């Protein structure tokens with residue numbers, strides 16, 4: 001984070017945004033000054049930075065970058081003498097007005113310490129920050145500094161925030177834990193998470209700005225995030241509220257998160273994940289996939305299983321205290337979303353306490369009951385889909401099954417098993433009866449299979465279409481020769 | 001119905017209509033600012049509503065007694081404060097604010113939280129409180145977090161932890177209360193439920209008018225006494241002398257150049273300088289307009305020249321005398337270092353570490369050092385006894401600062417005449433600054 005006065009921002013019709021950095025030009029200049037000043041004193045470095053500030057169009061940016069870089073540096077004292085001791089000896093002999101007398105005091109103290117006079121003069125202020133020598137610059141690339149600057153600017157702007165609404169694609173447990181840890185409060189509709197603090201209810205306050213800023217790194221670490229914050233700033237002399245909006249699609253360079261690996265709470269969960277991926281490979285398995293609103297709380301299930309719009313959640317309850325379980329049961333009873341609970345048998349709670357499916361386990365979370373639940377869910381889903389398809393109208397003559405299934409948000413199996421009135425399934429397509437009638441007209445008197453094949457290919461249809469409109473293929477050996485009428489239409 | 005304290009607020013678990021409360025859908029409870037605790041309980045009692053008050057979680061308080069004797073004006077202030085048990089008392093530095101506050105703590109005999117601006121003041125208060133009451137005194141600061149029935153904290157620590165501390169004390173005292181109305185610090189007063197409140201200061205008014213917030217936060221200004229009636233009897237008498245110095249030729253030229261640059265900028269942009277607000281506007285511009293920035297830099301150069309003029313050092317040399325205890329004030333650290341090095345005078349800035357500062361002040365007290373040079377850290381509250389000469393080498397024109405600095409010299413000590421010198425560069429804006437303060 002930066003000192004507030006070094007933040008560069010832009011206002012635009014009621015909105016405010018930090019001026020983000022995308023290229024490395026200025027950053028590289030600042031880094032090169034630091035490198036040149038290695039072995040020199042901080043006050044010298046400061047002078048050089050000031051020189052660059054004067055040449056730059058944005059002095060705040062230069063100063064902010066220098067500030068961030070300075071935190072990566074190590075400074076050391078330029079003398080082996082103890083400045084405090086030197087001062088003590090000098091000042092106890094003071095004060096002096098006469099310069100000659102001053103000189104003789106310095107000489108006598110230099111003699112006491114066995115060093116040249118200059119060393120004494122140098123040591124008087126040697127413990128002041130500006131007299132320290134730049135010794136080491138810890139490695140940081142210009143790109144990393146750009147990213148750090150962008151994050152720091154965002155956080156610094158957030159110091160003035162009165163409230164914030166955000167969405168994230170993952171990283172839920174860390175985010176909610178951090179919200180609680182920072183003493184913030186949240187409210188959610190299941191998608192957007194609205195954060196502020198207890199007092200925010202009673203009046204606009206920037207009190208929680210610092211805490212909101214601390215939440216930012218966790219949000220931008222997730223995928224597909226968006227932030228909207230209310231920022232209170234003075235324009236003229238009156239405080240005004242501005243909106244700050246940012247999301248992952250803006251592609252601002254922010255520090256990388258390099259912990260992409262899935263992290264498991266226990267070996268048990270990891271083993272379970274690997275086994276299930278093997279046996280239920282058509283299901284997508286996600287770790288801590290979402291949050292579910294449950295009264296004043298949220299539940300972040302350990303696993304989510306996804307397929308064709310189906311969502312099944314699983315919460316694993318291992319070794320915990322009685323209070324923990326009671327709180328959990330209370331939470332689970334406050335949501336309509338079904339969550340499977342895998343319970344450690346050593347815990348003394350009956351399956352009845354939880355509203356949904358409960359699986360018991362001793363050592364490992366068993367795969368079989370989960371697969372059964374997923375299968376049951378799939379069957380239920382197909383049944384449900386079939387019911388819903390009957391009420392759905394299709395306008396197209398030929399439509400791909402998969403496309404239509406996705407459009408209707410049902411499974412392909414359900415669509416295949418459905419009798420859509422006036423439609424036939426031909427290969428991977430649904431084809432209307434009307435279209436087949438027109439196809440018959442198009443075929444007309446043609447009987448040579450090569451000619452017929454051209455027509456079928458044009459519509460990407462298979463031979464099955466011919467059967468449906470009352471033709472069969474006459475084969476000569478393995479070669480289809482011509483078609484002839486049958487009487488089997490309908 | 002139960003009322004509870006929750007992170008700087010008060011909650012009610014039932015749907016009732018009580019002033020100050022608002023429905024909080026996040027937790028399905030009513031919520032109000034902690035500041036209104038006494039008004040809320042009073043309302044509930046008057047309305048004959050049945051309620052269980054679980055707001056306070058007080059620290060057990062030993063019986064408090066002391067042998068403190070108040071002076072007449074302190075007793076008057078105490079009686080006035082007891083009328084409402086809330087409010088601000090204005091007394092000059094050195095008039096015994098700490099003694100007065102301690103008598104109030106003793107008479108109230110409740111767990112008390114005291115907020116002061118600096119760590120030095122925390123130590124000073126703790127020492128005095130311990131001496132007066134012979135009980136353990138708590139400290140809640142960046143260094144130490146130990147709560148006792150009487151606990152001393154800094155504005156910073158109290159602000160950061162207000163939501164945790166707010167229901168543990170019945171009496172809340174702010175030393176140097178003019179710090180309280182700032183945007184962040186006022187939240188201490190807002191997040192504490194303490195029904196009894198006392199603010200102490202020598203300088204009630206703030207340049208930004210924010211002192212108007214104080215009645216809401218801790219009560220009205222209920223008592224004020226100026227230094228004049230106390231001078232001689234309770235405060236050392238002092239006299240002020242202004243010494244004008246000229247620029248050196250070189251400085252005058254540089255000063256004129258810098259001033260001309262600034263004025264040209266004003267002319268070119270058609271800006272008229274009528275007050276600090278106009279200057280603020282140019283500062284705002286400087287982010288976008290490089291010329292505005294140059295102009296400000298030029299003005300700063302001129303100001304620095306005026307404050308640091310070489311002849312001031314020469315003049316200072318004339319005033320130094322080993323028979324006096326002298327404190328030299330200056331705004332710029334660079335000036336502090338210059339004086340320290342040239343005259344071998346111990347210095348204190350905000351960067352000086354606590355131990356070294358203590359050592360310097362102790363040696364000053366004992367007479368091992370007869371002078372100290374300092375930037376602004378000695379402004380508030382540190383007992384620097386037995387200084388009889390003050391020299392102001394620069395100032396910022398705030399009347400508050402001026403009074404506080406004077407106060408530093410006003411501690412009653414062995415029958416001495418105190419003199420405050422102000423060394424000012426002639427023909428600069430600084431003369432105007434100095435003039436403005438006196439009026």
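The values are calculated or read from the model by the stated rules, or taken from the named source; none is laboratory data. Because the structure is predicted, anything quoted here is derived from the model rather than measured. Virtual Cβ from ideal backbone geometry, glycine too; neighbours counted across all protein chains shown.
Worth pointing out:
- Tally, over segment B:177-191, of residues that are within 14 Å of chain A (Cβ to nearest Cβ), touching a strand residue (DSSP E or B) at 6+ places or on another chain (Cβ under 9 Å) and assigned to a loop (DSSP other than H, G, I, E, B): 1
- Of everything listed in (1) free of Cβ contacts under 8 Å to residues at least 60 places away in the same chain; (2) in contact with a helix residue (DSSP H, G or I) (Cβ under 6 Å, 6 or more places away or on another chain), the single unmet condition for residue A:192 is (2).
- Criterion violated by residue B:272 - all others in (1) away from every other protein chain (no Cβ under 13 Å); (2) outside any helix (DSSP H, G or I); (3) touching a residue at least 60 places away in the same chain (Cβ under 8 Å) satisfied: (3)
- Counting the residues of segment B:119-176 that are over 24 Å from residue B:3 (Cα atoms) and in a strand (DSSP E or B) gives 12.
- Some residue of segment B:21-38 being under 19 Å from residue B:108 (Cβ atoms), away from chain A (no Cβ under 14 Å), surrounded by fewer than 20 Cβ atoms within 10 Å (Cβ to Cβ) and at pLDDT 90 or above: yes
- Note on segment A:371-398: residues that are surrounded by fewer than 17 Cβ atoms within 10 Å (Cβ to Cβ) and either more than 25 Å from residue A:359 (Cβ to Cβ) or within 30 Å of the chain's Cα centre (by Cα) (or both) amount to 11.
- Residue check, residue B:398 away from chain A (no Cβ under 12 Å), closer than 28 Å to residue B:96 by Cβ and modelled with pLDDT of 80 or more: no
- Given (1) within 27 Å of residue A:388 (Cβ to Cβ); (2) buried (at least 18 other Cβ atoms within 10 Å of the Cβ), index of the condition residue A:456 fails: (1)
- Within segment B:235-250, the set of residues being surrounded by fewer than 19 Cβ atoms within 10 Å (Cβ to Cβ) and touching a residue at least 12 places away in the same chain (Cβ under 8 Å) comprises B:237, B:238, B:239, B:240, B:241, B:242, B:243, B:244, B:245, B:246, B:248.
- Some residue of segment B:49-66 being in a loop (DSSP other than H, G, I, E, B), free of Cβ contacts under 8 Å to residues at least 12 places away in the same chain and over 25 Å from the mean Cα position of the chain (by Cα): no
- For segment A:213-232, a tally of residues being in contact (Cβ under 8 Å) with a residue 60 or more places away in the chain and farther than 15 Å from residue A:153 by Cα returns 4.
- Here the helices (runs of 4 or more DSSP H) wholly within segment A:114-225 that include at least 2 residues being within 20 Å of the chain's Cα centre (by Cα) and either buried (at least 21 other Cβ atoms within 10 Å of the Cβ) or more than 12 Å from chain B (Cβ to nearest Cβ) (or both) are A:142-158, A:172-181, A:209-220.
- Note on segment A:290-398: enclosed strands (runs of 3 or more DSSP E) holding 3 or more residues that are in contact with a strand residue (DSSP E or B) (Cβ under 7 Å, 6 or more places away or on another chain) and not assigned by TED's automatic domain parsing to the domain that holds residue A:419 are A:303-307, A:310-317, A:339-344, A:358-361.
- One residue stands out in segment B:1-20 among those that are in a loop (DSSP other than H, G, I, E, B) and within 9 Å of chain A (Cβ to nearest Cβ): the one that is farthest from residue A:297 (Cα to Cα), namely B:20.
- Counting residues in segment A:245-259 that are more than 12 Å from chain B (Cβ to nearest Cβ) and more than 15 Å from the chain's Cα centre (by Cα) gives one or more.
- Residue satisfying all of: in segment B:291-326; within 14 Å of residue B:260 (Cα to Cα) and without any contact (Cβ under 8 Å) to a residue 12 or more places away in the chain; surrounded by the most Cβ atoms within 10 Å (Cβ to Cβ) among these: B:297
- The set of residues in segment B:200-217 being closer than 19 Å to residue B:101 by Cβ and either under 11 Å from the mean Cα position of the chain (by Cα) or within 13 Å of chain A (Cβ to nearest Cβ) (or both) consists of B:200, B:201, B:202, B:203, B:204.
- Unmet requirement for residue B:194, which otherwise passes all of (1) over 18 Å from the mean Cα position of the chain (by Cα); (2) assigned to a strand (DSSP E or B): (2)
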